[in-house]
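The values are calculated or read from the model by the stated rules, or taken from the named source; none is laboratory data. Not measured: the values here are computed from a predicted model. Cβ placement follows ideal geometry from the backbone for every residue including glycine, while neighbour counts extend to all protein chains displayed. Areas reflect the complete protein model, heavy atoms only, side chains present, ligands, DNA and RNA absent. Shrake-Rupley method; radii C 1.70, N 1.55, O 1.52, S 1.80 Å.
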Amino acid sequence: MASASFDTARRERRADSSPLDAIEKAPEVRPEAIVATGRTSLTGLTRGALRERLAAIGVPEREQRMRTGQLWHWINVRGAASFEAMTNVGKGLKAQLAEAYTLDRPEVVSEQVSRDGTRKWLLRMPSTGRHDHNRGAEIECVYIPANDRGTLCVSSQVGCTLTCSFCHTGTQRLVRNLSAQEITAQLVVARDRLGDWPGQTPPKGTFVPVDGSRFVSNIVFMGMGEPLYNVENVVDAIGVMSDHEGLGLSRRRITVSTSGVVPQFERLGIDANAMLAISLHAVRDDLRDELVPLNRKYPIRTLLDACRSYPGVSNARRITFEYVMLKGVNDSDAEARELVRLLKGIPAKINLIPFNPWPGSRYECSDWERIERFSEIVFNAGYASPVRTPRGRDILAACGQLKSETERLRARARLMLEDGIGAEGVYGAAAMDD
């Protein structure tokens with residue numbers, strides 16, 4: 001039985017003091033080691049940072065607000081990729097800007113397109129110092145289209161702070177946090193690749209929403225990394241993405257998923273006003289300690305108390321609880337009933353995520369009949385409990401499958417994907433909620 005093998009593996013890991021027993025990883029690169037090289041890009045900056053760049057090249061203080069507004073519009077509304085395109089900016093200033101800065105985006109190293117229209121991009125950031133070996137850090141982001149919306153799953157770290165045992169991303173090292181600029185630039189790249197700027201059209205064969213909305217209408221912080229261990233940059237990036245005179249996304253369409261970094265909930269709710277999603281996955285502390293080791297620091301009761309007091313939580317702004325379905329581990333009827341009991345009094349949605357296989361994982365996805373039974377118990381208790389159609393599983397783009405050093409679908413990975421159920425992951429689940 002799967003549960004017996006899981007218990008055996010648990011005992012072996014404790015005996016061996018496996019690295020997966022650690023709660024958090026330390027970053028390999030300290031902030032003071034990050035040094036800009038060459039001309040830097042203005043794409044993705046906050047308004048304040050953009051104004052500072054103008055001041056640095058000698059733009060008079062009396063002009064800085066106006067010039068910042070001009071550049072902001074061209075970069076974040078028009079999607080300008082060159083200063084020459086800025087028709088209402090003088091030639092002299094354009095020459096100054098071009099000498100000191102660029103409008104470069106992260107490099108698209110590869111693009112994989114799923115049979116269902118999901119797109120995964122491997123992005124290489126500009127080099128930030130000798131630790132990058134002059135190549136720059138790599139991260140992945142995923143675009144998930146639907147008829148009435150398009151969701152972009154963005155990363156917040158190079159690697160991940162945490163060691164969740166069912167997550168592929170959690171098996172790799174933590175290199176560093178992404179800057180607010182690097183987070184925002186993922187949205188800019190997506191709009192470039194999809195033709196999602198005024199006057200542009202999507203490339204031939206691209207699946208995008210058909211209801212007239214922006215091709216990228218929703219953002220989910222559910223890619224690589226734990227967003228609340230990079231909360232300052234995440235909050236700043238949300239501010240740029242949601243600026244109504246710029247990229248213009250609704251904060252109600254921006255969801256931040258956390259494994260439960262409780263001390264940062266208030267900061268996220270007040271300063272970002274974003275929707276909250278909790279990576280829960282278990283209803284008992286002993287099991288969640290294994291699946292999400294951060295639980296040893298912030299156990300279930302502490303986590304749920306923080307959810308009850310999350311700023312702005314209400315029936316109109318419910319918290320999403322993510323629950324990955326692991327065969328024989330967390331998928332019993334009793335656990336479904338306990339999940340309902342635990343969430344009593346919290347305005348909540350529950351997203352059930354069929355486990356997405358990845359090379360080397362020791363878990364299996366719950367049988368489809370078991371998932372449906374679990375969903376039925378939760379639904380009958382009054383909670384929405386969607387189970388989503390698989391999305392992006394053929395390109396390792398689903399929940400828990402992202403890795404910055406992209407796995408190139410080797411033969412072993414292909415076989416695992418063909419044998420597994422796969423899923424769209426929590427990206428699509430959260431994207432369905434406005």
**Asked** Looking only at segment 226-272, which residues are under 24 Å from residue 167 (Cβ atoms) and either modelled with pLDDT under 95 or acidic (Asp, Glu) (or both)?
**Response** 226, 232
**Request:** Return the pairs, sorted by first residue and then second, in which the second residue is modelled with pLDDT of 95 or more and small (Gly, Ala, Ser), the first residue lies in segment 241-252 and is under 16 Å from residue 149 (Cα atoms) and in a loop (DSSP other than H, G, I, E, B), the beta carbons are less than 9 Å apart, and the residues are 6+ apart or on different chains.
**Result:** 248/242; 249/217; 249/242; 250/217; 250/242
**Item:** Pair list, Cβ < 7 Å and 6+ apart or interchain, from segment 40-53 residues that are open to solvent by less than 10 Å² (accessible area, probe 1.4 Å) to residues that are in a strand (DSSP E or B)
**Value:** 42/101
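If you scan segment 257-274, which residues turn out to be touching a Leu at 6+ places or on another chain (Cβ under 9 Å) and outside any helix (DSSP H, G or I)? It would help to see each step written out before you state the result.
The first filter runs over segment 257-274 and keeps only residues touching a Leu at 6+ places or on another chain (Cβ under 9 Å), leaving 257-265, 267-269, 274.
Scanning segment 257-274 gives 257, 258, 259, 260, 261, 274.
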**Request:** Go through segment 130-162 and give me each residue that's closer than 24 Å to residue 29 by Cα, among the acidic types (Asp, Glu) and modelled with pLDDT under 90.
**Result:** 132
**Prompt:** Which one of 121, 72 is closer than 25 Å to residue 234 by Cβ, within 18 Å of the chain's Cα centre (by Cα) and among the aromatic types (Phe, Trp, Tyr)?
**Reply:** 121
**Message:** Condition (residue is more than 31 Å from the chain's Cα centre (by Cα) and within 27 Å of residue 214 (Cβ to Cβ)) applied to segment 89-108: is it met by at least one residue?
**Reply:** yes
**Item:** Which numbered condition residue 286 misses (of (1) crowded, with 22+ Cβ neighbours inside 10 Å; (2) free of Cβ contacts under 8 Å to residues at least 24 places away in the same chain)
**Value:** (1)
**Prompt:** Are any residues in segment 105-120 surrounded by fewer than 16 Cβ atoms within 10 Å (Cβ to Cβ) and either of a type in the set (Lys, Arg) or outside any strand (DSSP E or B) (or both), and if so, which ones?
**Reply:** 115
**Prompt:** What do you reckon, is residue 310 open to solvent by 10 Å² or more (accessible area, probe 1.4 Å), modelled with pLDDT of 95 or more and outside any helix (DSSP H, G or I)?
**Reply:** yes
**Asked** When the residues of segment 204-216 are filtered to those that are of a type outside the set (Phe, Trp, Tyr) and open to solvent by 60 Å² or more (accessible area, probe 1.4 Å), which remaining residue is nearest to residue 114 (Cα to Cα)?
**Response** 205
**Request:** Filter segment 88-129 for residues that are at pLDDT below 95, of a type in the set (Gly, Ala, Ser) and in contact with a helix residue (DSSP H, G or I) (Cβ under 6 Å, 6 or more places away or on another chain) and give the result.
**Result:** 114, 129
**Message:** For residue 377, only one of the following conditions fails: (1) touching a residue at least 40 places away in the same chain (Cβ under 8 Å); (2) open to solvent by less than 10 Å² (accessible area, probe 1.4 Å); (3) of a type in the set (Val, Ile, Thr). What is its number?
**Reply:** (2)
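What number of residues in segment 45-60 are under 11 Å from residue 236 (Cα atoms) and in a loop (DSSP other than H, G, I, E, B)? Step through it out loud before you land on a result.
We begin by selecting, within segment 45-60, every residue under 11 Å from residue 236 (Cα atoms); these are 45-49.
Still in the list and also in a loop (DSSP other than H, G, I, E, B): 45-46.
Number of matching residues: 2.
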**Complete:** Of the conditions (1) among the charged types (D, E, K, R); (2) out of contact with any strand residue (DSSP E or B) (no Cβ under 7 Å at 6 or more places or on another chain); (3) over 30 Å from residue 241 (Cβ atoms), the single one that residue 308 does not satisfy is (3)
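Test of understanding: among 208, 235, which residue is assigned to a helix (DSSP H, G or I) and farther than 20 Å from residue 349 by Cβ?
One residue alone meets the criteria, 235.
Residues are listed down the side, and each one gets a yes or a no for (1) aliphatic (A, V, I, L, M); (2) modelled with pLDDT under 95:
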residue	(1), (2)
19	no, yes
32	no, yes
62	no, no
71	yes, no
86	yes, no
